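Read the structure below first, then the notes.
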Amino acid sequence: MAEQRIDLRSDTVTLPTQAMRDAMYSCEVGDDVIGEDPTINRLEQESARRLGKEAALFVPSGTFGNQCAIATHVGSADEVIVSEAAHIIQHEAGAGALLARAQMRTIPPRSGSMLTAGDIEPRIRIGDDYHCPKTSLICLEQATAYGELYPIEEMRRIHQLAASHGIPVHVDGARLFNASVALGVEAAAIAAHCDSICFCLSKGLCAPVGSVLVGTGRFIARARRVRKLMGGGMRQAGFLAAAGLVALDNMVERLAEDHENARALAAEIARIPGVTVTNDIQISMVFFRIDQDRYSEAQLHARMKERGLLTYPPENGQWRFVTHHGVTRQDVLRAAQLLADSLR
């Protein structure tokens, strides 16, 4: 049964390729905490180059990268403007309150999961009223946790608005390269409209561990200190960076295949009675709702698993399938049939 399972829980379940395993086996390593791991240094230099920034920092995870960025940008009791739908709010365990001691000012997007400059502008605190926290950071996502893509022009407007008030913008770019492939632009064209950005190597790019935080040289120097106090210095971690370099070299363009498979999957499950796809398929994520009263959500989740279809339970009634490396077109067609079978 294990060989027959189709795992659509997340692109975090991807496994390293043979090229990554070979690179990990043979790479040169050193002590990264004192800057002497040559493979990590190469990964950081290549990441900064690709995103058009001055410097980069290898970190253990996307959550770590986001929280390291927040703690670097803001002071204690400062305020961070962020969508209430953002991963930083929904799935990072309230870390900003603990690690940065920052107040999160969440904004409900008027549509979808993206904020606009118009949403943000009236929430920026202007002046020196000591009753109010200081607005010190704006956080965006590209792509968002709901698979939506910020238009480059809207990112530009938000960045210009923030800069006019002396406020930096950080982008959670966990799936940055999904976004760049889907938008048909280089990752640097997205990163141009923020002050810092973090992308994951361990999702659609298939590396086993790690993310990269990118920004100015001064910002990364400060973030390196924050990484240390957060416990993120990993010594001879070049083994992980080696896989990351292969990911950047070999795995970016193939993300288009995941996007095509997601569109095919959405088209198939939309034909199932009672199933409604709820998002425009822009990257590798398919969100949908199921209208039936025969099974509870827990029962339906169990029925999918029994048939070899792995997914996470729904959130607020909404299910999610994620396509990724190792999930073929045949797999997504079969997944749609397994979903239909589970509803019978």
Of the residues that sit in region 194-223 and are of a type in the set (Lys, Arg) and under 21 Å from Ile167 (Cα atoms), which one is surrounded by the fewest Cβ atoms within 10 Å (Cβ to Cβ)?
Arg218
What single numbered condition from (1) in contact with a Pro (Cβ under 6 Å, 6 or more places away or on another chain); (2) part of a loop (DSSP other than H, G, I, E, B) fails to hold for Asp280?
(1)
Tell me, please, whether a residue that is under 14 Å from Arg9 (Cβ atoms), acidic (Asp, Glu) and under 26 Å from the mean Cα position of the chain (by Cα) can be found in region 310-324.
yes
Of all residues in region 249-258, count the ones that are surrounded by 20 or more Cβ atoms within 10 Å (Cβ to Cβ) and either among the acidic types (Asp, Glu) or in a helix (DSSP H, G or I) (or both).
2
Ile272 passes all but one of (1) under 21 Å from Met114 (Cβ atoms); (2) part of a loop (DSSP other than H, G, I, E, B); (3) among the hydrophobic types (A, V, I, L, M, F, W, C); which number fails?
(1)
Among the charged types (D, E, K, R) and in a loop (DSSP other than H, G, I, E, B): is that true of Glu121 in this structure?
no
Take the conditions small (Gly, Ala, Ser), within 18 Å of the chain's Cα centre (by Cα) and at pLDDT 95 or above and apply them to Ala93. Does it pass?
yes
Would you mention how many residues in region 285-337 are assigned to a loop (DSSP other than H, G, I, E, B), surrounded by 13 or more Cβ atoms within 10 Å (Cβ to Cβ) and charged (D, E, K, R)?
1
Quick test of your reading of the structure: Ser113 fulfils all but one of (1) out of contact with any Cys (no Cβ under 7 Å at 6 or more places or on another chain); (2) in a loop (DSSP other than H, G, I, E, B); (3) in contact (Cβ under 8 Å) with a residue 40 or more places away in the chain. Name the failing condition by number.
(3)
Tell me which of these Asp128 doesn't satisfy, since it passes every other one: (1) more than 29 Å from Ser10 (Cβ to Cβ); (2) at pLDDT below 95; (3) buried (at least 16 other Cβ atoms within 10 Å of the Cβ).
(3)
If you check Glu260 against the conditions, is it among the charged types (D, E, K, R), under 22 Å from the mean Cα position of the chain (by Cα) and not assigned by TED's automatic domain parsing to the domain that holds Met114?
yes
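The values are calculated or read from the model by the stated rules, or taken from the named source; none is laboratory data. Just so it is clear, the structure is predicted and the values come from calculations on it, not from any experiment. So basically every Cβ, Gly included, is an ideal-geometry build from the backbone, and we count neighbours across all protein chains shown.
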